[in-house]
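Have a look at the structure below before the remarks.
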Amino acid sequence: MQRAPWLEPRLRCRLTLEVGAARHERLDRPVEVDLDLAQSLSEPEATRAWREGSWRVVEVGARGELLDDDVPFQLDAAAPGRGVLIFLLRGVTLPDAVRRFQVYFDPDGSLSARPRLPALVQVADGVEDEGQECFEVRTPDATYLYQKQGAGFSSLLDRDGNDWIGYHPQGGSAGHYRGIPNLGECGHPGYTNSWSRLESCGPLRARIHSETLDGRWAFAWDIFPHYARLTLLRAGGRYWFLYEGTPGGQFDEQSDYCVRSTGQRTAASEVWDEDIPAPEWVYFGSGKTRRVLYLIHHEDDDLPDQYWPMEGNMTVFGFGRRYGSLERFMEQVPAHFTVGFAEDGALPVARRVIESALRELDVRVGPVEDQGRSGG
């Protein structure tokens with residue numbers, strides 16, 4: 001079989017990736033690929049490649065012809081010679097599509113610098129929000145304010161500056177009850193029982209790691225250009241995942257609404273309590289905007305989920321919670337949850353956005369080819 005053309009002669013090595021949409025349409029979907037270069041290179045070379053080597057990601061056609069010579073990407077090192085490559089499936093990828101990428105790299109840094117790509121995820125440290133130091137993460141869709149000690153989002157601003165959480169350090173349902181993810185014992189703005197550190201920063205993903213001071217709970221937020229994903233790594237007891245906040249910036253029981261993955265739409269004034277069938281997702285909308293906020297629980301379960309309006313001030317939605325009860329029901333670890341905006345609350349449009357974020361991709365990684373050793 002004839003080898004595909006070598007499109008970057010200045011770089012010694014490459015590998016080929018095939019990314020299948022896996023029967024679901026994808027919209028500007030990030031791809032995360034674990035790579036272990038030490039399987040093909042010597043450990044010194046593999047380590048240099050991650051730390052100071054030159055990299056380039058291009059998209060190619062079925063015969064290896066160049067389609068896009070500037071694919072946005074990010075490298076996050078995990079161990080010597082190993083880490084995560086993150087790149088973007090730009091635009092719309094049809095459900096039956098398979099897209100091909102070539103990843104070129106050189107342990108010796110043959111190019112003077114990695115390409116300067118637009119930062120779609122930007123982080124500012126030391127920003128104060130509602131009485132606590134935060135990480136401020138800006139993306140094309142949203143601005144996230146994450147309290148370091150509380151280990152939760154105190155503000156979530158849409159493109160127009162509307163805060164869909166509206167946490168304040170006092171006021172009950174009008175203030176300090178609000179937040180995401182509000183796991184129960186931790187992960188709640190205003191709490192002071194956790195610490196948080198920034199593990200990686202853009203241009204496509206920011207990762208924030210948080211743990212409770214007693215070490216019983218640990219979780220990480222990965223914030224991408226169009227959504228944020230929580231991975232619960234360690235749980236010191238049962239938990240729930242809550243959205244307590246203000247759709248569109250101000251809660252209105254009459255004009256706000258909720259839609260479950262079944263397609264059932266209910267007014268924000270209506271209480272419900274049921275196990276959302278797979279796939280477990282829900283979104284909240286407001287009469288003031290077409291935009292909606294969606295929340296996904298990636299692992300299906302048969303545990304209760306619920307929603308109720310609290311005192312005309314905020315939503316109380318929970319995966320793993322029962323109406324009228326303070327009992328927490330979830331205990332699976334690891335567990336994954338995603339939060340993001342869809343710009344249109346019409347069910348077919350919002351479903352496309354949510355399913356794109358929810359469903360796993362089919363990613364196949366080819367072997368490392370070494371142009372220097374093969375004489376190509």
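The values are calculated or read from the model by the stated rules, or taken from the named source; none is laboratory data. Note that the structure is a prediction, hence the values are computed from the model and not measured. Here Cβ is always computed from backbone atoms with ideal geometry, including for glycine, and neighbour counts include all displayed protein chains.
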Query raised in the report: Quick one: what pairs do we get from segment 40-67, first residue closer than 17 Å to A97 by Cβ, second assigned to a strand (DSSP E or B) and among the charged types (D, E, K, R), C-beta under 6 Å, 6+ apart or different chains?
Result: E59/D68; V60/R100; L67/E59
Requested in this report: Answer yes or no: is there a residue in segment 110-131 that is touching a helix residue (DSSP H, G or I) at 6+ places or on another chain (Cβ under 8 Å) and touching a residue at least 12 places away in the same chain (Cβ under 8 Å).
Outcome: no
**Report entry** Hey, E270 farther than 15 Å from L358 by Cβ and not in a strand (DSSP E or B) or not
**Finding:** yes
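Within segment 353-364, can one find any residue that is free of Cβ contacts under 8 Å to residues at least 24 places away in the same chain, part of a loop (DSSP other than H, G, I, E, B) and within 23 Å of the chain's Cα centre (by Cα)? Let's see the steps before the verdict.
Narrowing segment 353-364 to residues free of Cβ contacts under 8 Å to residues at least 24 places away in the same chain: none.
Checked against the condition, which is being free of Cβ contacts under 8 Å to residues at least 24 places away in the same chain, part of a loop (DSSP other than H, G, I, E, B) and within 23 Å of the chain's Cα centre (by Cα), segment 353-364 yields no hits at all.
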Requested in this report: Return a yes/no flag: does segment 31-43 have any residue that is closer than 20 Å to R364 by Cα, crowded, with 21+ Cβ neighbours inside 10 Å and of a type in the set (D, E, K, R).
Outcome: no
**Report entry** Which numbered condition E130 misses (of (1) within 29 Å of L35 (Cα to Cα); (2) crowded, with 16+ Cβ neighbours inside 10 Å; (3) not aromatic (F, W, Y))
**Finding:** (1)
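Only one residue in T262, T192 is in contact (Cβ under 8 Å) with a residue 24 or more places away in the chain and either surrounded by fewer than 22 Cβ atoms within 10 Å (Cβ to Cβ) or charged (D, E, K, R) (or both), so which one is that? Let's see the steps before the verdict.
Working: T262 fails: in contact (Cβ under 8 Å) with a residue 24 or more places away in the chain.
That would be T192, the only listed residue that is in contact (Cβ under 8 Å) with a residue 24 or more places away in the chain and either surrounded by fewer than 22 Cβ atoms within 10 Å (Cβ to Cβ) or charged (D, E, K, R) (or both).
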Query raised in the report: (1) without any contact (Cβ under 8 Å) to a residue 60 or more places away in the chain; (2) in contact with a Leu (Cβ under 6 Å, 6 or more places away or on another chain); (3) buried (at least 22 other Cβ atoms within 10 Å of the Cβ): which one isn't true of N182, the others all being true?
Result: (1)
Query raised in the report: farther than 15 Å from L293 by Cα, crowded, with 21+ Cβ neighbours inside 10 Å and hydrophobic (A, V, I, L, M, F, W, C): does that describe L232?
Result: yes
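For segment 290-306, does any single residue satisfy the condition of being in contact with a His (Cβ under 6 Å, 6 or more places away or on another chain) and part of a strand (DSSP E or B)? Walk me through how you get there before you give the answer.
We begin by selecting, within segment 290-306, every residue in contact with a His (Cβ under 6 Å, 6 or more places away or on another chain); these are 298.
Next, from what is left, pick out any that are part of a strand (DSSP E or B): none.
No, segment 290-306 has no match at all.
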Query - Test: V282 is in contact (Cβ under 8 Å) with a residue 12 or more places away in the chain, of a type in the set (A, V, I, L, M), part of a strand (DSSP E or B) and touching a Gly at 6+ places or on another chain (Cβ under 8 Å) - result: no
Query - Sole residue being in contact (Cβ under 8 Å) with a residue 12 or more places away in the chain, assigned by TED's automatic domain parsing to the domain that holds W308, outside any strand (DSSP E or B) and within 17 Å of the chain's Cα centre (by Cα), chosen from P203, P169 - result: P203
Report summary line: Per the list (1) among the charged types (D, E, K, R); (2) touching a residue at least 24 places away in the same chain (Cβ under 8 Å); (3) not in a strand (DSSP E or B), residue check on D214 breaks on (2)
